[in-house]
Amino acid sequence: MTYAAPIADLGLAAPDVPLWTPSEARVEASGLARFERHLHRTRRLLFDSYDELWQWSIDQREDFWAAVWELGAVRTSAPWTEVLRDGDRMPGSQWFPGARLNYAENLLRYRDQRSALVFQDERQLEPRTMSYAELHDAVARLAARLRELGIQPGDVVAAYTPNLPEVVVAMLAATSIGATWTSCSQDFGPEAVLDRFAQVKPKLLFAGDGYFHKGMDHHRLEQVRAVREGLPSVEHLVIIPYVVPGGRIDGIAGALLFDDLAYGGELPPLVFEQLPFDHPLYVMYSSGTTGKPKAIVHGAGGTLLQHLKEHRIHCDLVRSSRIFYATTTGWMMWNWLVGALSSGCTVLLSEGAAFHPEHSRLWRFADNAGVTHFGTSAGYIGALRKAGYEPGKHYKLTALQTVLSTGSPLSADNFRWVYRAVKQDLHLASISGGTDIISCFALGSSALPVHAGQLQVRGLGMAVDAWDGDGHSVRGATGELVCTKSFPSMPVGFWDDPDDARYRAAYFDTWADTWRHGDWIRIEPSGGLRIMGRSDATLNPGGVRIGTAEIYRCVDELDAVTDSLVVARAHGESEQIVLFVQLREGLTLDEPLEASIRRAIRSKSSPRHVPKAIHQLRAIPRTRSGKKVELAVRRVLEGLPVDNRSALANPEALDEVAAFAG
């Protein structure tokens, strides 16, 4: 697969003209090309296009995933007896039965002086660096101490922490033993943490002493104490010092200091417990904005294999790569980012407010650290564009090869901004999947052109389709995102759901043996995808279904609007569209501005898309991972309770919404 090298006119590019096309050299160096060469060398297979390769990966799932296993050089103590058993069952398929492995062993396959972790927070002190050898030794010491404290395979170890290198050490130590890991960021209040951790009954809790945000230090030992008191299952509490150097654990009976466990002293051997492919590795949580968060259990082998595929084939990661993702320990992108250690590259961690002390903070970090892969949210990119900040004017970003965006759909305007304001010769990959699968359904490849507003490809091995209400595949029209065949990173199940009743209800209640994800998508003739919004937050005025993304794209182009949220509100036998907007500082939603918003939506979409009401909010309500909470807002407008407000980063925003409920 080769493509012409010229880059399209970024300001005037039509929707069907690529914003960026890779050079032949970039194509040949891509992870996709490396994988195709592996397939040709080992299986004598040749493909004329990505679509042809994708179709093979779906039709020949067993051969495809075996090839990913080979490419990733998965370390095991016992081989698999077959790739897939009961492959037609969904859920119920068994991947790689017989194999025994350890997740941490596959992330710690190197033990040299190459940087494994680099950390810098908003204080912009000298970055902390930990080599692969240092990481291995810290994990070995901590794992030995955890065993002494009684941690065994199957125990749950939880973390309530900022995004620190010590948390990576703790996760690897716990999973080397075979414990199951779960984490929340430290800006969660105790109630939100207990809604999650109380379900899984952790035996040991790691907790930070606080975090920094917008120039302020937030001491959290009182919150840690409240969390521990609410978790009678916790036998040991380990404090990670951060806000107070050297640690302070006075007043917390029996607490241990992380540094005493992981650093210094005699170096014991690092023992990796060998476990089945689907041994529970992570417990992740749904956002929980309309009820208690679902505790989703992910297996070690499926998580490892899926991340190897995405990192090495779709993202081009090699040992020399330096990957950064702006995330917290409570978002699945943390697990995804840390999984890049299995490719032997350098993982960069950041903590604190993205825009403090100025808009340039993360880009300065990226430039100084030689970041090759810069990951962030669509909201962050949109905020930079609205602020008029252009990183490319201030930093050379010589090493930067790829920008990754997720969390919400990336608008066409924001695609163009990246190429205009960051770097022209750049692979921009908008990716989408979720906590539910701890990976992606759709993502990118640097061997293929980038089109504004589109996710480049359906992931290899992921039988993604768009279905209409009757379960028929559609192209060039909006449909439900479904996955028609099982894949290794499907959840092992939900916690405390022995008959899988809640698991099946979450994804398989519409079509048997078919995963329904809850997103509206459109698959374009080019093979790219557009995410049209959550299907369970669909607008339906006058009986015509409208994806929320169709309105967001219009509003996002308006300089006056920095953020927005749109919902449908019941009105008799039909629905009315209600739009909430957050405006640039100093602006007020008056009649002329409201009229301009309506004109923009009418001209760029249709009269049917124009909202019945537009209201101004000081801030759009979002989850702590940055997702808009359309369903929670709709419940407020309809006078229904929102059961888990603590899952929101700014629950006070719902009070503003409630003022308009009448």
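Size estimate for the range 367-406 follows the Kirkwood approach: the inverse of mean 1/r over distinct Cα pairs works out to 10.9 Å. Dipole size of the chain about its Cα centre, with +1 on Lys/Arg Cβ and -1 on Asp/Glu Cβ: approximately 800 debye, rounded to the nearest 20. Summarising the label geometry, the points placed 7 Å from Cα in the beta-carbon direction at residue 147 and residue 263 lie 2.4 nm from one another.
Cross-link pairs exceeding 32 Å in C-alpha to C-alpha distance, out of 309/628; 203/485; 423/604, comprise 203/485.
Oblate is the label for the range 274-336. Its Cα gyration tensor axes, ordered a ≥ b ≥ c, give a/c of at least 1.5 and b/c at or above a/b.
Can you give me the Cα centroid spacing of the range 453-512 and the range 211-246 in angstrom? Using only Cα atoms to place each centre, the spacing works out to 38 Å.
Considering only DSSP beta bridges whose two residues both sit in the chain, what percent are antiparallel, to the nearest 5? The antiparallel fraction comes to roughly 55 percent.
At an R0 of 51 angstrom, the distance between the Cβ atoms of residue 109 and residue 354 translates into a FRET efficiency of 0.95. Computed extension length for residue 218-residue 271: 15.4 nm, one decimal, from 0.36 nm per residue of separation with the Cα-Cα distance subtracted.
Given +1 at the Cβ of Lys and Arg, -1 at the Cβ of Asp and Glu and no other charges, the dipole of the range 538-658 around its Cα centre is 380 debye to the nearest 20. Taking a span of 18 Å or more along the helix axis (Cα atoms) and a mean Kyte-Doolittle hydropathy of at least 0.0 as the rule, the DSSP H helices of the chain that qualify are 165-177. When the Cα positions of 276, 160, 211 are compared along the charge dipole of the range 132-276, 276 comes out farthest toward the positive end, with charges on each C-beta of Lys, Arg, Asp and Glu. Between residue 51 and residue 500, the modelled labels are 3.3 nm apart [label points 7 Å from Cα along Cα→Cβ]. Where the alpha-carbon atoms of the range 538-658 are placed on the principal axes, they occupy 39, 39, 23 Å, in descending order.
Using 0.36 nm per residue and subtracting the Cα-Cα separation, the extra length available between residue 596 and residue 126 on full extension is 164.5 nm.
Judged by the ratio a/c of the largest to the smallest principal axis of the C-alpha gyration tensor, the chain counts as rounded, that ratio being less than 1.5. With the charge dipole of the chain set up from +1 on Lys and Arg Cβ and -1 on Asp and Glu Cβ about the Cα centre, the Cα lying farthest toward the positive end among the listed residues 129, 532, 327 is that of 129. Could you check what % of the DSSP bridge pairs in the range 132-276 are antiparallel, to the nearest 5? If I count the DSSP bridges inside the range 132-276, around 20 percent turn out antiparallel. A full extension of the chain between residue 631 and residue 253 corresponds to an added length of 131.9 nm, given 0.36 nm per residue minus the alpha carbon distance.
Answer rounded, prolate or oblate for the range 132-276, using the Cα gyration tensor with square roots of eigenvalues a ≥ b ≥ c: rounded when a/c is under 1.5, else prolate when a/b is larger than b/c, else oblate. Verdict is oblate for the range 132-276. Taken about its Cα centre, the range 385-448 carries a charge dipole of roughly 320 debye when the Cβ of each Lys and Arg holds +1 and the Cβ of each Asp and Glu holds -1. Pairs of Cα atoms nearer than 8 Å and 6+ residues apart set the relative contact order; for the chain it is 13 percent.
No lab work stands behind these numbers, since they all come straight from the coordinates. Just so you know, these numbers come straight off a predicted model, no measurement behind them. Using ideal geometry, Cβ is built from the backbone for each residue, glycine included, and neighbour counts are taken over all protein chains shown.
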